[in-house]
Amino acid sequence: MKNIGTLVAVALAGLLIITLLFSGGEQEPVLAPDFSLTNLDGDPVTLSDYAGQIVVLDFWATWCSPCIKSFPHLHEVIDRNQDQGVVLLVVSLDKTAQRARNYLVENGYSTANVLWESLDEARRVKELFGVVGIPRTFVIDRNGIIRYAGHPSDLDDSDLEEWF
């Protein structure tokens with residue numbers, strides 16, 4: 001029974017985020033739901049640990065060709081803005097951690113900021129944010145408020161500058 005209650009709470013949180021972000025017109029700020037996942041290096045990572053920084057949260061997988069195409073662009077944006085306190089967290093929706101790790105290592109990307117505890121746990125976080133399709137990127141300001149939700153290729157420096 002506890003699992004059903006948790007699933008209902010996760011689904012409702014995701015629906016709330018979708019409704020608030022995409023209903024049009026003036027929006028009330030939406031607080032990003034906190035979550036914890038293990039990164040590919042085996043270390044626990046919690047979103048709230050990044051309070052005071054601008055977090056770009058990307059949902060991604062190696063089997064997703066639009067994800068692979070947008071990944072370099074997203075990293076370039078982060079690299080240009082990391083001195084302003086911008087960090088990238090990537091939730092991998094791959095079936096295995098090894099598949100994600102292999103792609104990242106082969107292509108020169110860090111594994112420390114890529115989160116994957118299990119596919120079920122990654123999907124739980126995806127649902128918390130109301131993600132239906134990937135790639136999907138969120139910008140979370142220094143106060144934990146979601147300020148951007150969209151395709152990672154549409155994110156550029158000017159989308160981040162107003163929260164510096």
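The values are calculated or read from the model by the stated rules, or taken from the named source; none is laboratory data. Everything quoted here is computed from the prediction, not taken from an experiment. Because the Cβ atoms are built from the backbone with ideal geometry, glycine has one as well, and the counts that use them run over all protein chains shown. Accessible surface areas use protein heavy atoms only, side chains included; no ligands, DNA or RNA. Shrake-Rupley method; radii C 1.70, N 1.55, O 1.52, S 1.80 Å.
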With a 1.4 Å probe and all protein chains left in place, how much of the accessible area of the stretch 45-97 comes from carbon and sulfur atoms, in whole percent? 51 percent
Using a Förster distance of 30 Å, the FRET efficiency for V132-S36 (Cβ separation, nearest 0.05): 0.85
Work out the FRET efficiency for I145 and I68 from their Cβ-Cβ distance, taking R0 = 45 Å, and round it to the nearest 0.05. 0.95
Please give the length that would be gained between V87 and E162 if that part of the chain were fully extended, namely 0.36 nm times their separation in residues minus their C-alpha to C-alpha distance (nm, one decimal). 25.4 nm
